[in-house]
1. Being under 15 Å from E34 (Cβ atoms) and either at pLDDT below 75 or loosely packed, with under 10 Cβ neighbours inside 10 Å (or both) is the filter here, so list the residues in the range 52-78 that pass it.
2. Condition test on M38, is it on the phi < 0 side of the Ramachandran plot, exposed (fewer than 10 other Cβ atoms within 10 Å of the Cβ), at pLDDT 75 or above and not polar (S, T, N, Q)?
3. Just the residues that are under 18 Å from D6 (Cβ atoms) and of a type in the set (V, I, T), please, taken from the range 28-78.
4. Any chance you could count how many residues in the range 19-46 are within 15 Å of the chain's Cα centre (by Cα) and acidic (D, E)?
5. Anything in the range 14-35 that is exposed (fewer than 10 other Cβ atoms within 10 Å of the Cβ) and farther than 27 Å from N77 by Cβ? List them, or say none.
Amino acid sequence: MYQSYDRNKLVRQVRELLESEGLEPLAQDDPKPEHAAMLLLRSFGIDPVVDQVEALKGAMDRTWEESDEARADESRNR
């Protein structure tokens, strides 16, 4: 039986759960929460998926210049 789940939804739900327990989750770069969510889902035999509409909305919220600068900063910090 094929099973899939949105990895970004899982990250949001986990963040909300942790906050409801009084914790202050801070996203890390290694591993990124999205990558960790994919690994967790796969460990339970569930295929991680991405909601393409939400991904497009997120991409449209930033200009290409902002995305370019973020990638440049990321590579400088390695």
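1. Q52, G58, A59, E74
2. On the way: on the phi < 0 side of the Ramachandran plot: yes; exposed (fewer than 10 other Cβ atoms within 10 Å of the Cβ): no; at pLDDT 75 or above: yes; not polar (S, T, N, Q): yes.
No; evaluated as a whole, the condition is false for this residue.
3. Passing the criteria: I46, V49, V50, V53.
4. Of the residues in that region, 3 qualify.
5. Correct list: S20, E21, G22.
For (1) over 24 Å from N77 (Cβ atoms); (2) hydroxyl-bearing (S, T, Y); (3) touching a strand residue (DSSP E or B) at 6+ places or on another chain (Cβ under 9 Å), each residue gets a yes or a no:
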residue: Y5; (1), (2), (3): yes, yes, yes
residue: A37; (1), (2), (3): no, no, yes
residue: L40; (1), (2), (3): yes, no, yes
residue: K57; (1), (2), (3): yes, no, no
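The values are calculated or read from the model by the stated rules, or taken from the named source; none is laboratory data. Keep in mind that this is a model prediction, so the values were computed, not measured. Reconstructed Cβ throughout: ideal geometry from the backbone, glycine too, with neighbour counts over all protein chains shown.
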